[in-house]
Structures are given as C-alpha cells and as structure tokens.
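To start, the structure under review is shown below, and the notes come after it.
No lab work stands behind these numbers, since they all come straight from the coordinates. Being a predicted model, the structure only gives us computed values, none of them experimental. Cβ atoms come from the backbone with ideal geometry, glycine included; neighbour counts cover every protein chain shown.
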Amino acid sequence: MRIGATSELPGRVIGLVKCRSASEAREPRFSYLRLFLGRVSQTSNLESSHYEHNLPSKSEIFEDRIVDVVRWIDWGEPGCWACRFHSGSKYDIKRSDASWEEIFRCWNNVPLQRCHIVAPSLGGTNKVSNLFLMCRECHDRMPNTDIPEIFFEWARAQSWNARENAKILDAMKAFGIGGEVWAEFDQVITSEAFKVWSEGKSGLHWPQSSYASISSRLTPATIVGLAVYYLRTFGTCQCQARRADWPTG
C-alpha cells in the first residue's frame, strides 16, 4: 500500500514506498496458507519495562530514521524494519492527507520493539541513531556486537515471508507431503469443503518464548496436519461433492 501521491506526503517521507527484494520474489508461494493462518493471528506490544521510560518513542525513532533505514519501507503500513512483518491493517495510516500527528500516533501504537543496534552492554546509547524498530522475533534473532555494519547486513537479509515459508515447508515435511501428493494436498487446502470441515477443530497457539512476532496464531502444523488428516480420511473426491455431502465429523 502506498498512501497518496508524493506531493501529498508529509515532508521527510516523500517517495518512500513498499518494495520486495529480488530474493523475496523468488520465494515459494504459500499465500493461501499464510492468508489462512493470518486471519486468526494476534500481535502483542510487550516491551521490557525498563525500555518504557528510558528510550525515545517509536514515532521519534520513525521521524529521525525513516530516510536512512536499511531498506525503503511503506510508512502507511507500519511494520518491522528488518523482516517487514506487518502487524495488521488496524495500525495502518489510511488517509492520503494524514497529518504528522496521525502518522506519529499510528507508529507509536504499532506492536514493534525499540531495539538497540549496539547493546548498552557493548557501549551503545539510547540515542535515536542507535535504535531500530523491529518485531519481537527479529529482536531475539539479531546479532549482538559492537559493529553496526554487522547488524545492518543481517537486517537487510531478513524476510518474514521466507520465515513463514520455511515453517510451512517444515510442517509439510513432518506430515510426509511430497511431490507425489502435492496436487491433492493443494486441492484440499484450497477447497471450501475443507474450510467448513476444519471449523472448530483447531485453536490458537500461544508461543512459550514470548518473543515471536505473533503472540497467538494457528500454527502451520495445525492447518497442514488437518489438511493431511482430511486427505487421508476423505480423499479429494469430497472437495467436488455437493455441499450437502461434505464431511462434518
């Protein structure tokens, strides 16, 4: 999403748009699974309590760093500056003529953490120039050195889509989904019959680590496992059956 024409954008954010890297464009596409999983995910805005009073606000970091972040970002869809995880449309800036006050409010509310590029234990400061807005998962994964170049090289290589694809592939491997059954699996996972059958058979999982970018979600293993169970039990013929004949148990 891009908010308005460049002439409508406030001062320093002119021309910044969302973009996809060449490596991301080559990633396997599991958009239907990610969409299924994303519908019921929830995010959390938790930060360690000592951060709350000692660091500049997220909007101050956004205002100062937006022109020299490691990659161009869509300022209208606040997200992680490393992997580009998007927390949901409720944090988006929806008006093309949004004021700075509205933009700052949205960036202050987005569930991102204010992360030190160089940790205080290694001599880093709480100045805006040493802070970066990231999701909790990126914050946990980031390198911890006193050399900023190492952090920025790592940050440029992050992709939330690539991580999700890897988790989906891992779940498919666990349930034995290979090339010979891929077409049947795809037919099941995208069918309305499976969606109706799977309702009420799964629940949100709360990560035990407390740092994942999504606080509660349907895990890839949940949906893949249900689809495999459906395929083994009913086959693909039920996907084309009349609605009255769809399995319910």
Next on the checklist: With 10 angstrom as the radius, rank Cys106, Cys138 by how many other C-beta atoms surround their C-beta, starting from the fewest.
Outcome noted: Cys106, Cys138
Checklist entry - Residue-wise, which Karplus ³J(HN,Hα) couplings in Hz belong to the range 151-166, taking 6.51 cos²θ - 1.76 cosθ + 1.60, θ = phi - 60°, and x for glycine or proline? => result 4, 5, 5, 5, 4, 5, 8, 7, 8, 5, 4, 5, 5, 5, 4, 5
Next on the checklist: For a protection proxy built on the mean count of beta-carbon atoms within 10 angstrom, sort 126-135, 226-235, 77-86 highest first, please.
Outcome noted: 77-86, 126-135, 226-235
Next on the checklist: Through the Karplus equation 6.51 cos²θ - 1.76 cosθ + 1.60, θ set to phi - 60°, convert the phi angles of the range 137-149 into ³J(HN,Hα) values in whole Hz; use x for Gly and Pro.
Outcome noted: 5, 5, 4, 6, 7, 5, x, 10, 10, 9, 10, x, 4
Checklist outcome for this item: Interchain or sequence-distant (5+) residues whose placed amide H lies within less than 5 Å of the amide H of Phe85 are Cys80, Trp160
Checklist entry - Non-local amide H neighbours of Asp146 (under 5 Å, H modeled in plane, Pro and chain starts lacking H): which ones? => result none
Checklist outcome for this item: Of the listed links Lys173/Lys195; Lys94/Lys167; Lys58/Lys94, those spanning more than 26 angstrom between alpha carbons are Lys94/Lys167
Checklist outcome for this item: Rounded to the nearest 0.05, FRET efficiency between Glu102 and Leu204 (Cβ-Cβ, R0 30 Å) equals 0.45
Checklist entry - Using θ = phi - 60° and the Karplus curve 6.51 cos²θ - 1.76 cosθ + 1.60, what whole-Hz ³J(HN,Hα) does each residue of the range 191-200 get, with Gly and Pro shown as x? => result 8, 5, 4, 5, 4, 5, 4, 7, 4, x
